[in-house]
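Chemist: Following this message is one structure expressed as structure tokens.
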Amino acid sequence: MNAIRETQDDGALPAVQPVIVRAEGLTKQVSTPDHELTIVRGATFQVAAGESVAIVGASGSGKSTLLGLLAGLDVPTAGRVWIDGEELFAQDEDGRARLRGRLVGFVFQSFQLLPALTALENVMLPLELAGLADASARASRVLGQVGLADRLGHYPRQLSGGEQQRVAVARAFATEPKLLFADEPTGNLDSATGAQVIELLFAMNRERGTTLVLVTHDEALARRCDRRIAISAGVVEA
Amino acid sequence: MKNLPIALRMLRRNAHAGEARVLAAALFVAVAAVTTVGFFADRVRGALDQQANELLGGDLVVISDHPVPRPFVERAAAEGLATASTTTFPSMVAGSAGTSLAEIKAVSRAFPLRGRLRVAGPAAGADREAEGSPAPGTVWVAGPLVSRIGAAEGQAIRVGNATLAVAAVITREPDSVLDYFGIAPRVLMNEADLAATGLVQVGSRVTWRLLVAGDAKAVARYDEAMRPLLARGERIEGVRDSRSEVRVSLERAQRFLGLASLLSVVLASVAVALAARRFSIRQTDGAAMMRCLGAAQADIFAINAWQFVLLAAAGCAAGTAAGYGAQAVLAQWLTGFFSVALPAPGWRPAVQGAVIGMVLVLGFTLPPLLRLRNVPTLRVLRSDVAVAEPSSLVAYALGLGTLSALIVWQAGDLRLGAMSLGGFAAALGVAAAAGYALIRGLARLRAGASGPWRYGLANLRRRTGSSLVQVMALGVGIMAMLLLTLVRTDLIVKWQKSMPADMPNRFAINIQGDQLPLVKAYFAELGLATPDLYPMVRGRLVAIGDRPVSPASYEDQRARRLVEREFNLSWARDLRPDNRIVAGAWWNPRADDPQFSVEEGIAKTLSIRVGDTLAWDVGGTRFSARVTSLRKVEWDSFKANFFVIASPGLLERHPASWITSFHLPSGREEVVNRLVERFPNVSVIDLTAIMGQVKRISDQVSRAVEFVFLFAIAAGLVVLFAAITSTQDERVFEGAVMRTLGASRRQMVLTQLSEFLAIGLLAGMVAAAGAVGLALVLSERVLGVPYEFNWVVPVAGLLAGGAGVAIAGLLGTRRAVDSPPLAAIRALG
Ligand SMILES: Nc1ncnc2c1ncn2[C@@H]1O[C@H](COP(=O)(O)OP(=O)(O)O)[C@@H](O)[C@H]1O
Ligand SMILES: [Mg+2]
């Protein structure tokens, strides 16, 4: 792992490094009433396994859209994406869902916990969807790791924003994904709580060697990542 | 199966948090309504059948022109059925004051199996229910014999070789009241004395009956087993085989109850569809998140479908229990209303309720489920990404299809089911088209409207789809309520009125041709309306076309029985106003080729078509003529009616007697005696007992229907609630935003008001049009009473719609106006 990180400084990845995310000519256009709007234009880049990458840009520059495309949450107008060697858009919706369940974890600005489920159940959800047997034990272990061992039975409404985001982090790591996508994970948190969550994210990233792709407009946060991909008006600047 | 635990877990919280409560409540009320109707209708139907059985004296009667063979008795015993036997024959009876022809009925101890005779107390006191039947050595006699032969209580009369003591005077005999042509007065005696009379001999005109009663299933088994064994001269009659009046009442009863439950089913579907949709909208973000976490579309579908199914199971169980309770309460309330104890309800309505609940849930939650399945994953990043709505008409096709099947099933009558279905479909189609046009039209008006009204109308248009759903759902709900309150009363009143107070209650028969002017004059003298007298010739049907007619040529028991007997043929020049031609044409009075007009029911039973030639044997003379028309006859009008009427000139040369029916006001019973004194050959038959029965049945039915309709109104209210709350979240959120932007309370109320008022008025229009249309169909087609437009219906529809929805809507969205904006926004976040 360390070996990979040492090669970061010039931003170029030696060919020998395993590539976990590869985007090629990724483009997203939407039709608006008067014209075609291009939100992401020809994004081409790679992310190596174990790397942490910040996607940075002004608000409205297309960061979330790009992230959505990388995770297969949306379909590009043109271009291709490979995750761990599998071509994302060669598969159908359910194929992409399965791939996400297997390889990818998410943390969102707005937490996106299911209000109907307790903290424990929220973390169990991806494990159960993947059909894993010891979902409950694994979920409570991960919740313990994010410091919520005593809040297992609480519903999202009974948790503070920071706690909810920690549950979301636990949920993201519960399946031990190779890849974690985070879209402005601190956007809805005050700076102290945000910092805590970030510590947690990076700690878990380090411990598990998870690749982290993080969207943020927070410069300080971006600096903590191994590498940054800047986007401006939908164009990725290398 | 991995999805079930997830679904269970989600449901626990969803149900707790209240999202599913509306759905469960809708389902609960729906199933409660359906099962209450089911259980109660089951019991009422049972009671009605029992009461109708009273008229028959048993559940089933084996009738024979020779002693009923042993196997019939043995099989009844084997099935655990109670039996009683009767032997009837005409005979002269003699008392101290004279002799008279009487209709003797010798009965076994168990007679009657169903119902009770009523007899007058000592010295003709108030009549009372009789205990069983006459003891050996005694007779009970019909009223006319008391004075005619001197057969008052305590006196002795001779029946054949036996001398028997009169123990009571019969005032009501349950099993004979429909036999108009049972001319002679009744003498009821004990079977044990039969041998002593010496009257039952070879060649005497005796009818033997075996009355059978007991558990309905055993009776049905018995019926099925014994019918094939019937030999010549034997037949089996159940309540459905005989007595057109009772059958008509029963069928009408079942239609009414069928109709009542049908409305509950429709309302249930609307409520379930609305609730399920709201549920699914609340689950949208969760579904997107689950997609994000790797759930396949099938998983999303299953997780949510499981929740609906679990909810449905709970709702059905609770609803069924409530339905059972409600019908028990209802039965309590009806205590003393039926002359028989209400039988316990069967288990079938419970299954029916469960099936209906499940079918409704699956049929009407499918579109929302499909919608959830299609939730774009991108929603986790952008909450404004719209969810592709499945084309609602196509998606609801399954629901509508199952609902249609349910309606037909519930109606238990294909014709009624199909008719209601067509009515609903047409009404909904028109409603949807009209609703759409009206919403668009109203929205166009908004440019001219002032502030809040403009927003309200803009909202209406922006939500065209959901507005349309609301207009239609509310329209159906209000339509049901209109039908249940105004139209129902209207129809029932009219239906009851169609049984006029001066309905004939006596038949006078056996009037001779030369007495006609005298009888008419005498009626006038007595202050009675001039009677319509109809000629009657008894004849046997020998051939239809070139097919000879014999009982053996028919499978159908009723048909066999009909052709076994002599028909009462009549002739007429003109079509009576209370008969209606349904095929062919009535003869031209001046035409001289002989023709027949046949009643449509018997034509169907005997397979007679217009154009067939009927050959008759009247007193040894044969003649034939063509059938040129089929007639519809109202049997329950208690007027003399005939299966077969001939054109003038065909029957006149045969010996005929005349028959009439008339209304004898109560208190003038002495008229009958005077009439019979004056024309001794004339017999007068009292119909009041059977009319009382029929009227009681119809009263009971309308009471039952009224109660059942109360339930449907409750279901309608749930629909109203579900429809209004279906857009509540959206409204609360918008309200909060408007508040934040500085809208005043008044502006917000007006905005909401204008939208609800518009929706309510549109729904009212839809409802009124639908109710009027359905009432028209129901009254003309089902009840057979002409429909009169009642302007109160549309006015009430618009009022109920406009005012009701506006008030209910404002109450329902009070939260949108009253809560602090931030709280409202956060509560939904
Ligand atoms: N489906 C869409 N339709 C129209 N515009 C869109 C759509 N998705 C994104 N946009 C627009 O594209 C731009 C980039 O959006 P987004 O990726 O959310 O930016 P960021 O996350 O960097 O703030 C924004 O101006 C947004 O309004
Ligand atoms: Mg963004």
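Chemist: Inside the range A:199-217, can you point out the residues that are away from ligand 1 (no atom under 16 Å from the Cβ) and either part of a helix (DSSP H, G or I) or within 14 Å of chain B (Cβ to nearest Cβ) (or both)?
Modeler: A:GLU199, A:LEU200, A:LEU201, A:PHE202, A:ALA203, A:MET204, A:ASN205, A:ARG206, A:GLU207, A:ARG208
Chemist: Somewhere in the range A:79-95, is a residue closer than 26 Å to A:ARG227 by Cα and at the interface with chain B (Cβ under 10 Å from one of its Cβ atoms)?
Modeler: no
Chemist: How many residues does the range B:211-229 hold that are touching a residue at least 40 places away in the same chain (Cβ under 8 Å) and either open to solvent by 20 Å² or more (accessible area, probe 1.4 Å) or closer than 15 Å to B:ARG560 by Cβ (or both)?
Modeler: 9
Chemist: Tally up the residues in the range B:575-633 that are among the β-branched types (Val, Ile, Thr) and part of a strand (DSSP E or B), please.
Modeler: Result for the range B:575-633: 9.
Chemist: Ok, one more. Which residue pairs have Cβ atoms under 9 Å apart, sit 6 or more places apart or on different chains, and have a first residue in the range B:284-303 that is at the interface with another protein chain (Cβ under 7 Å from one of its Cβ atoms) and assigned to a loop (DSSP other than H, G, I, E, B) and a second that is among the β-branched types (Val, Ile, Thr) and open to solvent by 20 Å² or more (accessible area, probe 1.4 Å)?
Modeler: Listed by first residue and then by second, the contacts come to B:LEU293/A:THR175; B:GLY294/A:THR175.
Chemist: Are there any pairs with C-beta distances below 8 angstrom linking a residue in the range B:647-658 that is farther than 25 Å from B:ALA585 by Cα to a residue that is in a loop (DSSP other than H, G, I, E, B), with the two at least 6 apart or on different chains, and if so which?
Modeler: Listed pairs, sorted by first residue: B:HIS654/B:GLY619; B:PRO655/B:GLY619; B:SER657/B:GLN512; B:TRP658/B:GLN512; B:TRP658/B:LEU533.
Chemist: If only one of A:GLY60, A:GLY85, A:GLY72, A:GLY131 is within 12 Å of ligand 1 (Cβ to nearest atom) and on the phi > 0 side of the Ramachandran plot, which one is it?
Modeler: A:GLY60
Here's the yes/no breakdown for (1) modelled with pLDDT under 70; (2) away from ligand 1 (no atom under 16 Å from the Cβ); (3) surrounded by 16 or more Cβ atoms within 10 Å (Cβ to Cβ):
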| position | (1), (2), (3) |
| --- | --- |
| B:ARG371 | no, yes, yes |
| B:LEU378 | no, no, yes |
| B:ARG382 | no, no, no |
| B:GLY401 | no, yes, no |
| B:ALA405 | no, yes, no |
| B:ARG415 | no, yes, no |
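Chemist: Return only the number of the condition from (1) in contact with a strand residue (DSSP E or B) (Cβ under 9 Å, 6 or more places away or on another chain); (2) within 16 Å of ligand 1 (Cβ to nearest atom) that A:ALA174 does not satisfy.
Modeler: (2)
Chemist: Among the candidates A:LEU148, A:LEU129, A:LEU114, single out the residue that is facing chain B (nearest Cβ under 10 Å), surrounded by 20 or more Cβ atoms within 10 Å (Cβ to Cβ), in contact with an Asp or Glu (Cβ under 7 Å, 6 or more places away or on another chain) and hydrophobic (A, V, I, L, M, F, W, C).
Modeler: Unique residue meeting the criteria: A:LEU129.
Chemist: Next question, about the same structure. Being among the small types (Gly, Ala, Ser), farther than 21 Å from B:THR284 by Cα and not in a loop (DSSP other than H, G, I, E, B) is the filter; apply it to the range A:98-141 and report the residue that is farthest from ligand 2 (Cβ to nearest atom).
Modeler: Here the residue is A:ALA137.
Chemist: Turning to a different aspect of this structure: Restricting to the range A:92-102, name every residue that is open to solvent by 10 Å² or more (accessible area, probe 1.4 Å) and under 15 Å from A:LEU69 (Cα atoms).
Modeler: Scanning the range A:92-102 gives A:ASP92, A:GLU93, A:ARG96.
One line per residue, one yes/no per condition, for (1) within 12 Å of chain B (Cβ to nearest Cβ); (2) outside any helix (DSSP H, G or I); (3) at positive phi:
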position: A:GLN165; (1), (2), (3): no, no, no
position: A:ARG171; (1), (2), (3): yes, no, no
position: A:ALA182; (1), (2), (3): yes, yes, no
position: A:PRO185; (1), (2), (3): no, yes, no
position: A:ASN188; (1), (2), (3): yes, yes, no
position: A:VAL197; (1), (2), (3): no, no, no
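Chemist: Please find, among B:ALA767, B:ALA806, B:ALA775, B:ALA827, the residue that is modelled with pLDDT of 70 or more and either over 15 Å from B:MET481 (Cβ atoms) or not assigned by TED's automatic domain parsing to the domain that holds B:ALA473 (or both).
Modeler: Result: B:ALA806 is the single residue among B:ALA767, B:ALA806, B:ALA775, B:ALA827 that is modelled with pLDDT of 70 or more and either over 15 Å from B:MET481 (Cβ atoms) or not assigned by TED's automatic domain parsing to the domain that holds B:ALA473 (or both).
Chemist: Is it true that some residue in the range A:149-162 is within 16 Å of ligand 1 (Cβ to nearest atom) and either more than 22 Å from A:GLU207 (Cβ to Cβ) or among the aromatic types (Phe, Trp, Tyr) (or both)?
Modeler: Within the range A:149-162, none of the residues are within 16 Å of ligand 1 (Cβ to nearest atom) and either more than 22 Å from A:GLU207 (Cβ to Cβ) or among the aromatic types (Phe, Trp, Tyr) (or both).
Chemist: Find the residue count for the range A:26-44, including only residues that are buried (at least 20 other Cβ atoms within 10 Å of the Cβ) and either more than 9 Å from ligand 1 (Cβ to nearest atom) or away from chain B (no Cβ under 14 Å) (or both).
Modeler: 2
Chemist: Continuing with the same structure: Would you be able to say whether some residue in the range B:228-245 is modelled with pLDDT of 85 or more and assigned to a helix (DSSP H, G or I)?
Modeler: Yes, the conditions are met somewhere in the range B:228-245.
Chemist: On to the next question. For A:ASP218, indicate whether it is more than 16 Å from ligand 2 (Cβ to nearest atom) and either among the charged types (D, E, K, R) or under 17 Å from the mean Cα position of the chain (by Cα) (or both).
Modeler: For A:ASP218, the condition - more than 16 Å from ligand 2 (Cβ to nearest atom) and either among the charged types (D, E, K, R) or under 17 Å from the mean Cα position of the chain (by Cα) (or both) - is not met.
Chemist: Taking into account only those residues within the range A:66-97 that are in contact (Cβ under 8 Å) with a residue 40 or more places away in the chain and within 16 Å of ligand 2 (Cβ to nearest atom), which is farthest from B:SER383 (Cα to Cα)?
Modeler: By that ranking, first place goes to A:LEU70.
Chemist: Let me ask you something else. If we keep just the residues of the range A:21-65 that are within 13 Å of the chain's Cα centre (by Cα) and among the aliphatic types (A, V, I, L, M), which is nearest to ligand 2 (Cβ to nearest atom)?
Modeler: Checked the range A:21-65; the qualifying residue nearest to ligand 2 (Cβ to nearest atom) is A:ILE55.
Chemist: Checking the conditions here, which among B:ARG580, B:ARG573, B:ARG631 is within 29 Å of B:ILE685 (Cα to Cα), at pLDDT 85 or above, open to solvent by 20 Å² or more (accessible area, probe 1.4 Å) and in contact with a Lys or Arg (Cβ under 8 Å, 6 or more places away or on another chain)?
Modeler: The unique qualifying residue is B:ARG580.
Chemist: Oh, and also: Quick one: in the range B:119-131, which of the residues that are open to solvent by 30 Å² or more (accessible area, probe 1.4 Å) and closer than 24 Å to B:ALA106 by Cβ is modelled with the lowest pLDDT?
Modeler: Of everything passing the filter in the range B:119-131, B:ASP127 is modelled with the lowest pLDDT.
The values are calculated or read from the model by the stated rules, or taken from the named source; none is laboratory data. Just so it is clear, the structure is predicted and the values come from calculations on it, not from any experiment. Heads up, the Cβs are rebuilt from the backbone with ideal geometry, glycines too, and the neighbour counts pull from every protein chain shown. Surface areas here come from the heavy atoms of the whole protein model, side chains and all, with no ligands, DNA or RNA. Shrake-Rupley method; radii C 1.70, N 1.55, O 1.52, S 1.80 Å.
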